1. Tally Lys and Arg at +1 and Asp and Glu at -1 over the other residues with C-beta under 10 Å from the C-beta of A122: what net charge comes out?
2. What residue among V233, L190, S161 has its Cα farthest toward the positive end of the dipole of the stretch 160-285, where the charges are +1 on Lys, Arg and -1 on Asp, Glu, each on the Cβ?
3. With +1 assigned to the C-beta of every Lys and Arg and -1 to the C-beta of every Asp and Glu, and no other charges, what is the dipole magnitude of the chain about the Cα centre in debye, to the nearest 20?
4. Within 10 Å, Cβ to Cβ, of R168, how many net charges do the neighbouring residues add up to if Lys/Arg are +1 and Asp/Glu are -1?
5. Specify whether the C-alpha gyration tensor of the stretch 49-202 places it in the rounded, prolate or oblate class, a ≥ b ≥ c being the square roots of the eigenvalues: rounded for a/c under 1.5, otherwise prolate if a/b is larger than b/c and oblate if not.
6. Cβ neighbours within 10 Å, averaged per peptide: list 213-220, 164-171 in order, most packed at the top.
7. When the helix-only estimate is applied to the chain (DSSP H runs of n ≥ 4, each -39,500 (n - 2.57), divided by the residue count), what is the mean residue ellipticity at 222 nm, nearest 500 deg cm²/dmol?
8. For helix 197-208, what angle does its Cα long axis make with the longest principal axis of the chain, in degrees from 0 to 90 and rounded to 10?
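Rule-based calculations on the coordinates, nothing more; no lab input. Note that this is a predicted model, so its numbers are computed, not measured. Every residue, glycine as well, gets a Cβ built from its backbone with ideal geometry; the counts of neighbours run over all protein chains shown.
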Amino acid sequence: MSEEPGGAPFRIPAEFVRYAVALEPAEVGHGHAAGWLTGEDAVRLAFLRRCDLRERAGDFEAIAGLEPSAPELPALCRQLSGGAAEAGRVWGYLSLSWACSRTGGERDRLLGELVARGDADAGRPAADPDGEGLRRLVSGREEFLLGRAASGQGMNWRSSSALLGTDRPEEVDAAFDRGEELVGIAVIGLALQHPDAEAILPRVARALESSDAALRPQGRVALAHVARLHGTVDRRCLELLRSHPRGNEADDDLWGYVSHHRLPWWLWRHHLGERLAWHLRDRWRA
C-alpha cells in the first residue's frame, strides 16, 4: 500500500470510520499517508479520539492541533505510521467494509478498485464479498472494534467528560460486561451522540433494568435524551420504565416528544392525572 497521500483507490469518510473502529494514532497517520483519509478527516478523527481519551490522547493531540491543509500534517502522519504494515491492517478492513456498505453500481465499482490494486489480501475478499469478504469483515470487526472495546482501550473509563462523547455502542456493551463504574455516563453519552435510536435503546434498557441505584436514574436520563432528540422509544424501555417512580425525566420527555398514540396507558394516566390536579388547584385558587 502506498504511503503517499492519494495512493489509495478511494477515500473513506470519517463519519463511517468513527463508528466502525477505535483507531490508534499510527493508524490515523497511515490512513492519511496512504490516501484513505483526507487531511480534514484525519484531523477530525484525531479530534474525536482525543475527546475519547482525554489525558491519554497522546499523539492524537498533535494531529488534532494541525490545520487540515498544514504542510506539517502529511509529514507527521508518515512519522506516526512509520511505514509499518501493521498500521495499515485496519485500513484493509475499513476499505472492504466501506465498499460493502454501498449499494448497486457503487459497491461493484469500489470492490473492483480493490481488486485492481493487485493486493491479494484485499483482492480475494473483494472478488468474493459474500464468502471470503464476509469472513474478513467479521474478523476485522472482532479485532479492531469488539476486541478494543472489550479491553477498554477505546475510551477513557475514568473521565466523565470523555464518556459523554461515547458514540460506539460496542464500547457501552463491553463496559456493562466489565462492570465499569461510569457505564451510566457512557449510556447518556451514547444517547447524545449516536445518530440511530435503534442502536441506543437496547443499551438504555440495560441501564433501566439494573439493580444499581445510580445506574437506573442514568438510564432514565438517557431515555429522556432519546425521546427529545429522536422522538421515539421502544416497547422494552417502556416496560422497564413502568417500574420506576413516576414524574421522572423520561416520563416528561416521552410525553413531550413522542407521539401519544405510541405511549402506554399508565403514562397517559400519569400525565392526564397531573393535568387534572393542576386544573383543580387553579380553580380552587381562583
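1. On the way: positive: R117, R124, R136; negative: E113, D119, D121.
That sum, taken over residues with Cβ under 10 Å, equals 0.
2. Ranked along the dipole, the leading option is V233.
3. Details: 36 positive and 43 negative charges, 278 e Å.
Using only the charged Cβ atoms, the result is roughly 1340 debye.
4. Cβ neighbours under 10 Å give a net charge of -3.
5. Oblate, since a/c reaches 1.5 and b/c is not below a/b.
6. The densest-packed peptide leads the list: 164-171, 213-220.
7. Theoretical 222 nm ellipticity from helices: -19500 deg cm²/dmol.
8. Roughly 60 degrees, rounded to the nearest 10.
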